[in-house]
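What follows is one structure encoded as structure tokens, with my remarks underneath.
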Amino acid sequence: MDSVLHLVEAVMASPWLYVLLFAIVAADSVFPVFPGETVVITAGAYAVAQESPQALVLIAVTIAAALSGDLISHHVGRGAGPLTGRIRSRRAGDKLLTWAENGLSTRGGSIIVTARFIPGGRTATSIASGMIRYPRPLFAGFALLAATAWALYNVGIGMAGGLLFRERPLLGVVLGIALALVLSWLIERIRSGRETRSRVLQSTTS
């Protein structure tokens, strides 16, 4: 356990952390199998526990990485490449894409911001925005807003955990990840509830 702790501390103190974090967060926006939230929350906790990384630099890098990943996914959607087909081939992925397409057509910006907090949902929404030719400048503006909110939230809860468990920052990381999972679950439940109510309303009026 001590060796793991020392390794994490060394990585968090390294200037290469920002490069690693950028790569993971950007990739997570395109392929939702990378631990984007976990890395950001961990870095946030250590920004308090050992004053490295620097919080402001961490936030800026996280925003840039999240925005870059979302723009890449949007570009992929415009090409409607193999990635879209793979997502469509899975039931959960197809539902996410359908939800994103419908939401973008009616609510646009709010969907882009909300979806950033749903693992997988942000990828589906960004790809769907490209598929329906959502205006690039408009998408970029909302994606920047979403990336900023997401970065502040994840770095913030990491720092809060680091403050509570300054001597044991990994416990702060666990707390932060748990809070992030709860938020994602709540957003997904709200989304599912709205979708169900919408279907019921449509069936009663048809």
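The values are calculated or read from the model by the stated rules, or taken from the named source; none is laboratory data. Small disclaimer: the values here were computed from a predicted structure and weren't measured. Cβ sites come from the backbone with ideal geometry, for glycine too, and all protein chains shown count toward neighbours. Accessible surface areas use protein heavy atoms only, side chains included; no ligands, DNA or RNA. Shrake-Rupley method; radii C 1.70, N 1.55, O 1.52, S 1.80 Å.
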By how many nm would the segment from E9 to L186 grow when fully extended, if each residue of separation counts as 0.36 nm and the alpha-carbon distance is taken off? 60.5 nm
With R116 itself left out, Lys, Arg at +1 and Asp, Glu at -1 over residues whose Cβ is under 12 Å from its Cβ give -2
Protein chains only, probe 1.4 Å: how do I190, I63 rank by accessible area, largest first? I190, I63
Nearest 0.05, what FRET efficiency do A23 and T106 give at R0 = 25 Å with Cβ-Cβ as r? 0.15
Using a 1.4 angstrom probe with every protein chain in place, what is the largest-first accessible-area order of V182, V155, V8? V182, V8, V155
Exposure ranking of I24, I127 by accessible area [1.4 Å probe, largest first]: I24, I127
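Can you tell me the relative contact order of region 25-82? Whole percent, Cα pairs under 8 Å, sequence separation 6 or more. Display every interim value, and only then the final one.
Values: 39 pairs, mean separation 25.8, N = 58.
Over region 25-82, the number comes to 44 percent.
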Just round it to a whole percent: the fraction of Cα-Cα distances in region 14-77 exceeding 18 Å. 31
Distance in nm between T98 and W16 label points, each 7 Å along Cα→Cβ, equals 4.6
